[in-house]
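This report refers to the structure that appears directly beneath it.
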Amino acid sequence: MSSMIDSINAFGREDFFTYGLFNSILMILLFLGIAYILRSMIQRYVKRKQFSNEAFIMRMVRIVIYTLASYACLSLFKPFDSILGKLWGSAGILAVVFGLAAQESLGNMVNGILISTFKPFHIGDLVKVDNGEYEGYVVDISLRHTVIQTYENTRIIIPNSVMNKAVLENISLSSSNANFLFLQISYESDLDKAMQIIREEAEKHPHYMDIRNAEEIAADMPNIVIRVIDFMDSGIQLRATIPSRSKAEGFAMLSDLRISIKKRFDAEGIEFPYPHRTIVYKKEEI
């Protein structure tokens, strides 16, 4: 039995296998098993540490581990000895050629690593890119690109080289969101009364958030700041800054407030302005 195993193991040892048939199969299984165990251990560590870019990190880990495992398995076959040797010998030349051919892809990969390392944003964050040109939630960060899901439920794929250089506003890093409500009232309306109605309606809304500290509350500082920002042709332009917990809640709150304030203005005699035109007829002399 032992001699039969030895004879089978000796099959192709000099021509194809470096260590014999059985030994090569066992070593291949060993390499793949080590790669699987190592990947599983790193994945458990990443989950335990709750890294925000878990998917990106695990892609990098799988590429590195299985590339090394593949090289180790190929080294067990005689025909690949010369190929692997020449590959290492020409690694510098290949790196230059590959770098020139895939310059943009490598740039995206490097920028993806920088994004994952310095973490200017995480998966799930609400971001504005380039002063609001793109806006939405980050749903994926890969080696090549970052995916943003917009409010319209579409997905924008931005290369990491662009994302890393862009002017980025991470709205999720803030504990509150300032929402601007623009209103016009007529010149004949009571300005103080109109501002009081805006404050009362905003403070009643469930999405309204009081961001004042204890000292500001004790000093009776207003949480809702209302400014007269312009005198328009037909009326007075007001801007109320109303805090909320998030941009989504702020959007819904402003929509509700426009309805409730309109009803209060109608009941309290505050008028919205209409365009006025004064037409002067010049009498022609006969």
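The values are calculated or read from the model by the stated rules, or taken from the named source; none is laboratory data. Predicted model only: the values in this text are computed from it and were never measured. Neighbour counts run over all protein chains shown; Cβ positions are idealised from the backbone, glycine included.
So here's what we get for this one:
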quantity	calculated
Those residues of the stretch 265-286 which are over 30 Å from ILE197 (Cα atoms), modelled with pLDDT of 70 or more and either aliphatic (A, V, I, L, M) or touching a Gly at 6+ places or on another chain (Cβ under 6 Å) (or both), in sequence order	ILE279, VAL280
Top-ranked residue of the stretch 149-171 - restricted to ones that are in contact with a helix residue (DSSP H, G or I) (Cβ under 9 Å, 6 or more places away or on another chain) and not aromatic (Phe, Trp, Tyr), ranked as nearest to ALA248 (Cα to Cα)	ILE171
Of residues in the stretch 50-66 being of a type in the set (Phe, Trp, Tyr) and either in a helix (DSSP H, G or I) or modelled with pLDDT of 75 or more (or both), the one farthest from ASP140 (Cα to Cα)	TYR66
Residues located in the stretch 205-235, provided they are out of contact with any helix residue (DSSP H, G or I) (no Cβ under 8 Å at 6 or more places or on another chain) and outside any loop (DSSP other than H, G, I, E, B)	ALA214, GLU215, GLU216, ILE217, ALA218, VAL225, ARG227, ILE229, ASP230, PHE231, GLY235
Failed criterion for LEU238 (all others in (1) outside any helix (DSSP H, G or I); (2) in contact (Cβ under 8 Å) with a residue 60 or more places away in the chain; (3) crowded, with 16+ Cβ neighbours inside 10 Å hold)	(2)
Criterion violated by GLN184 - all others in (1) in contact (Cβ under 8 Å) with a residue 40 or more places away in the chain; (2) over 19 Å from ILE242 (Cβ atoms) satisfied	(2)
Which listed residue, of ARG277, ARG245, is free of Cβ contacts under 8 Å to residues at least 24 places away in the same chain and either under 30 Å from HIS122 (Cβ atoms) or out of contact with any helix residue (DSSP H, G or I) (no Cβ under 6 Å at 6 or more places or on another chain) (or both)	ARG277
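Table: residues versus (1) farther than 16 Å from LYS247 by Cα; (2) at pLDDT below 75; (3) surrounded by 11 or more Cβ atoms within 10 Å (Cβ to Cβ); (4) not assigned by TED's automatic domain parsing to the domain that holds HIS207.
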site: LEU84; (1), (2), (3), (4): yes, yes, yes, yes
site: PHE98; (1), (2), (3), (4): yes, yes, yes, yes
site: ALA102; (1), (2), (3), (4): yes, yes, yes, yes
site: SER105; (1), (2), (3), (4): yes, yes, yes, yes
site: GLY124; (1), (2), (3), (4): no, no, no, yes
site: GLY132; (1), (2), (3), (4): no, no, no, yes
site: TYR137; (1), (2), (3), (4): no, no, yes, yes
site: ASN160; (1), (2), (3), (4): yes, no, yes, yes
site: VAL167; (1), (2), (3), (4): yes, no, no, yes
